[in-house]
Structure formats: structure tokens, C-alpha cells
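**Q** First, the structure itself, so that you have it in front of you.
The values are calculated or read from the model by the stated rules, or taken from the named source; none is laboratory data. Please read these numbers as outputs of a predicted model, since none were measured by experiment. Because the Cβ atoms are built from the backbone with ideal geometry, glycine has one as well, and the counts that use them run over all protein chains shown.
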Amino acid sequence: MTFRRSRSLHPFIVAVVGSAALIARVHAQDVAPPGAAVGEPSLESLAGDYESSGLRVQVKLRADGVLTIAFPKDVPAPPVRELVPSGNLRFAQKGLPNNNVEFIRDPAGNIRGLMLQGPYGSTFRSRLSATRNAVSPSATARPSAIAPPSVRPTPPTPTPEARGAVAAPTPARDDARPPAAAAEPSTTGAGEPTIASFSAAGLNYERDVTGLFLGDFANLRLSRDGLEFGALMNNYINAFARRCSAYLPANRVEMTRSVCAREQYMVNRYGVQVGASTCVEYREVGTGLYADPDLYKTVNGLAAGAGLNALKDILGGPNKSPFDTALHALDAKASVGSDMESLLAANGCAGPGIRRFQANMLRFARGEPGLRLANGETLASVLPPKFSSTAAAVADVDYTKLLDDLLLEQSKAWIVNRYASGSVTVVTVASRDQDGHASEVVASYVFTGLNGRSTGEVRLRFANGLPQCMYFSDFPTTCRTPSPRIVAAYENHKYHR
């Protein structure tokens, strides 16, 4: 065997660092630059062939008006699947959970490719032009792990706006608020945010998102350099770009993503490629999504730090597992979910609450003190009373329901296995702390994997009376992060009979 093209870091190391720096992943979306008059493309315009590194995807429109996707060059070829629209040029693959397709437009509004999104990550496929040779080389999307993506300034707008001012009276994509909610909040009087100006109800990170709004940084459970906060902030700028592009400042910048420019692969003595290729050189391309320059610069800084921290974890010693870092990244992505989309839907694009949340999110990322409300509310003053240590509370916890809910949320980050909801059995409190709270609970559960239906074991460990880590029988030393929404529900007595 011989190598073609240059050598690189081991691909697994690159993949793990990339997963850990998922906060830098800026997916191309279907938003045209501000001012561009681009209509919603027809389903027929999405049909065609898409390819990267010889891997072909075929999208067709059936006679009944349903889009389908097929992978004709895969061996064995997966079945043809229907694409179920979920909005904004995004589709779910019917019958294949956690696998989505997103069509990508260029600044002129033309479909230039699609993004295949699965539980393991995302890959980009370029649309084939009429002439085969016109197709650019491999364009496999990759998160920028160490070096932050480049920033492209937008073309000047006809009427300059003050930095941070509202760009238009009506949002381009936000249907959650009437136009009257678009007014820029003043610093005093009626525009001053109050506790009633903001709602994070129902979010996975309801507690910490509320804490960011309040400026109560001292009581946040998020870490400024942690993957969860980075994922949250990255999701916010992408959600804002999709829903609220008309509210971006005049000096907004186009976000970019990394695509493969040069690959490495092995060939046999006949010069035929053997096995998969590995990208060794990347380039930055625009996404058609725009962001506030300060927020985007901060997200890129968090991404760089996450990539370096991931590399330190991987190379940190015999007790450090690369799988721990990769699985932690998957947990972070799954836990954030659609929180930021829901937040903007509930609070609009330019109300005093969302403006204060954005300002404090940036301050927290920079290590600056938070802006507090006029009445000085804190998390302690707005949240329900914390977990009681009374004997009744200790003795009457529904651990079966708690573990079932935790497993259902955790399984959203699983790559292969699928959890059988309601299958938790043989629940045992293995140990308790000095206050009588459980410090470790062990249970069995059922899942479906490559070998069919199987039984696994999970150990749930607590710290300070709250769920902290889930350990599974296939990775017995790897801490999987419990859902923050369920942890908060447990803290607020939701699992006490």
C-alpha cells in the first residue's frame, strides 16, 4: 500500500477534537444576505445529484409531491427514504431517527449543496452541475477545532445604521412577535428589562438561561470554557441568524465553515483507492448566515479553547480516554437541542428580555460581571425551593421514573443503540450520603442495537444531592452528563411521590 498526498494527524484525533469543538460548527442555512430578494425554492428545485469524494446522493421528487433521498453508490445501498419537511429547507429522513437533510443556498438563492446531519456529525455534499468537471473537489464539512474560522464583512448597506440598532421594523423570519415588539429597548424607563420581560420555561437549560438573563453568574452551573456553554452560544447565533436577520447590526459579518480542499488516501499497486480518505487541508467558505461581529468573534474564541482543551484531555495521560471527550461533546450538543430556537420564539428578536440575555451571555463569555435587574433578582429568589433533606423526601423518590426520563434524554446522543422507553427495572440504591440522600443508584434497562434487543446496566451517581454522572456497562468509567432539565426537575421535587 502507498499513500497519496500529504500526511496528517491521526484521523481519530482530528475527529475527536472536532467533536469537542462542535461549538465552532457553523452549518450553512437557507438565509440569503440582508437585502437579497430570494423566494422559497420549490421542491422540484431541490431534486438532483449531490456528491463529495465520489459519494453520491440522489434527491428525487415523486409524482405525489414527496421528496426522496437515495445513496446509489453505497454498498449495500440503504433503502430509498422519504424526506419529511420540518421548515427552512430542513427535512427529516422518515424512519431514520436523528438523521436530517438540510439544503444549502448560495447568496443568490440557488441550491448549491446539502448537509447530511446525523448523531455522529454532519457532512456536506455539493450539487453536481451540468458539466461533471465543473464540480469542485471534496467538500466534506468539518468543525474548526483549533484555528477560528475567518470572518467575511458584508457589503455596505445603502443606509448605514448605528451599531446594534434595529435594522428594520419587521423581522425577516421571526413570527413569534408582532412588529411592535421590534423596538430597541431604552436604558431607562419602560424599556428596562424586568423579570416579566423574559421566559425560559421548558428549556433544557431553563435554570442557567434564566441565570444569564438575571446576570447571576455566581450561581450558574455552566462553565465559561465548557462545551455546554459553547454549544449554547453557537446555537444562539445560528438561531438568531435564521429567525432575526433583520435585527442584526449594520456591521454584521458572514459566518463561514470549513470544507475539505485536499485529501489523503491509500492506493494499492494498481493505483486504485483503498478505504476511506482523510482530509488534510481545509478552506473557509461563506454560509449565507450573518452574525453580530462581537458574538461571532467570541464564539470562535470559545471554539479554539475547546479544541485545545480536547487535545489536552486526549493526550493528558493513561487515565484520559479520547472516547470521554467525544462522548462529552455529543452530550453537550444533545442537551442544548433546540433551546435557542425556542427561546427566540418565546421572547422575540428585539425585546428588552432577549437583548439583556444576549448582552449578559457575551459578558459571561468574556469573564465580565453581569448586568443585574433593577430589583436585584437572583436565581435563588425566582426559582422554587431547593431539594429538602427531610427523611420523607429521602425515602420517597421515584428512582425508576427518574432513570427512565434520564435514559430517554441521554439516548438522543447515542449513535447506534436505541433505548426502550419504560424498560427500567431492578432499581437499587447502592449507597447514600451522610444526609440520607442516594449517592448511587443502579438499574437495568433494555435497548436495541446491532445484536438486537439487549439488556444494559446504568449507574447514576449524585453529588450534593443531585444527579451528576451516568455510567453505562459498555463504558463503565465514562461519565455521561444527565439532562440539565431533568436534574432541575429532580431538584424541584418533581420525582418525589
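**Q** Residues of the stretch 455-485 being of a type in the set (A, V, I, L, M, F, W, C) and buried (at least 17 other Cβ atoms within 10 Å of the Cβ), which ones? Spell out the reasoning first.
**A** Initial filter on the stretch 455-485 (of a type in the set (A, V, I, L, M, F, W, C)): 458, 460, 462-463, 466, 469-470, 472, 475, 479.
The answer is Val458, Leu460, Phe462, Met470, Phe472.
**Q** Can I ask one more? Show the residue pairs meeting these rules: Cβ distance below 7 Å; 6+ apart or different chains; first residue within the stretch 218-230 and farther than 16 Å from Asn464 by Cβ; second residue outside any helix (DSSP H, G or I).
**A** Arg224/Gly367; Glu228/Leu222; Phe229/Leu222; Phe229/Ser223
**Q** Across the stretch 208-224, which residue is nearest to Leu302 (Cα to Cα) among those that are surrounded by fewer than 22 Cβ atoms within 10 Å (Cβ to Cβ) and of a type outside the set (Ser, Thr, Tyr)?
**A** Here is the first cut: in the stretch 208-224, the ones surrounded by fewer than 22 Cβ atoms within 10 Å (Cβ to Cβ) are 215, 217-224.
Still in the list and also of a type outside the set (Ser, Thr, Tyr): 215, 217-222, 224.
Values: Gly215: 20, Phe217: 18, Ala218: 20, Asn219: 21, Leu220: 18, Arg221: 17, Leu222: 14, Arg224: 9 Å.
If we take residues in the stretch 208-224 being surrounded by fewer than 22 Cβ atoms within 10 Å (Cβ to Cβ) and of a type outside the set (Ser, Thr, Tyr), then Arg224 is nearest to Leu302 (Cα to Cα).
**Q** Another question about this same structure. Within 20 Å of Val487 (Cα to Cα) and either modelled with pLDDT of 85 or more or buried (at least 17 other Cβ atoms within 10 Å of the Cβ) (or both): is that true of Ala430 in this structure? Break it down stepwise before answering.
**A** Working: within 20 Å of Val487 (Cα to Cα): yes; either modelled with pLDDT of 85 or more or buried (at least 17 other Cβ atoms within 10 Å of the Cβ) (or both): yes.
So Ala430 passes the test.
**Q** When you look at Ile237, is it β-branched (Val, Ile, Thr), closer than 27 Å to Glu281 by Cβ and touching a helix residue (DSSP H, G or I) at 6+ places or on another chain (Cβ under 8 Å), yes or no? Walk me through how you get there before you give the answer.
**A** Details: β-branched (Val, Ile, Thr): yes; closer than 27 Å to Glu281 by Cβ: yes; touching a helix residue (DSSP H, G or I) at 6+ places or on another chain (Cβ under 8 Å): yes.
So Ile237 fits the description; yes.
Yes/no per residue for (1) more than 22 Å from Ser338 (Cα to Cα); (2) surrounded by fewer than 16 Cβ atoms within 10 Å (Cβ to Cβ):
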| residue | (1), (2) |
| --- | --- |
| Tyr419 | no, no |
| Ser444 | yes, no |
| Arg453 | yes, yes |
| Val487 | no, no |
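**Q** Given the criteria buried (at least 17 other Cβ atoms within 10 Å of the Cβ) and in contact with a Phe, Trp or Tyr (Cβ under 8 Å, 6 or more places away or on another chain), does Thr425 qualify? Let's see the steps before the verdict.
**A** Details: buried (at least 17 other Cβ atoms within 10 Å of the Cβ): no; in contact with a Phe, Trp or Tyr (Cβ under 8 Å, 6 or more places away or on another chain): yes.
It is false that Thr425 is buried (at least 17 other Cβ atoms within 10 Å of the Cβ) and in contact with a Phe, Trp or Tyr (Cβ under 8 Å, 6 or more places away or on another chain).
**Q** Can you give me the ranges of the strands (runs of 3 or more DSSP E) entirely in the stretch 1-94 with at least 1 residues that are of a type in the set (Asp, Glu) and at pLDDT 80 or above? Lay out the reasoning, then the answer.
**A** Working: elements: 2-4, 48-52, 55-61, 67-70, 81-87, 90-93.
Answer list for the stretch 1-94: 48-52, 81-87.
**Q** Which condition number does Val267 fail, the rest of (1) more than 28 Å from Ala200 (Cα to Cα); (2) modelled with pLDDT of 75 or more; (3) surrounded by 20 or more Cβ atoms within 10 Å (Cβ to Cβ) being met?
**A** (3)
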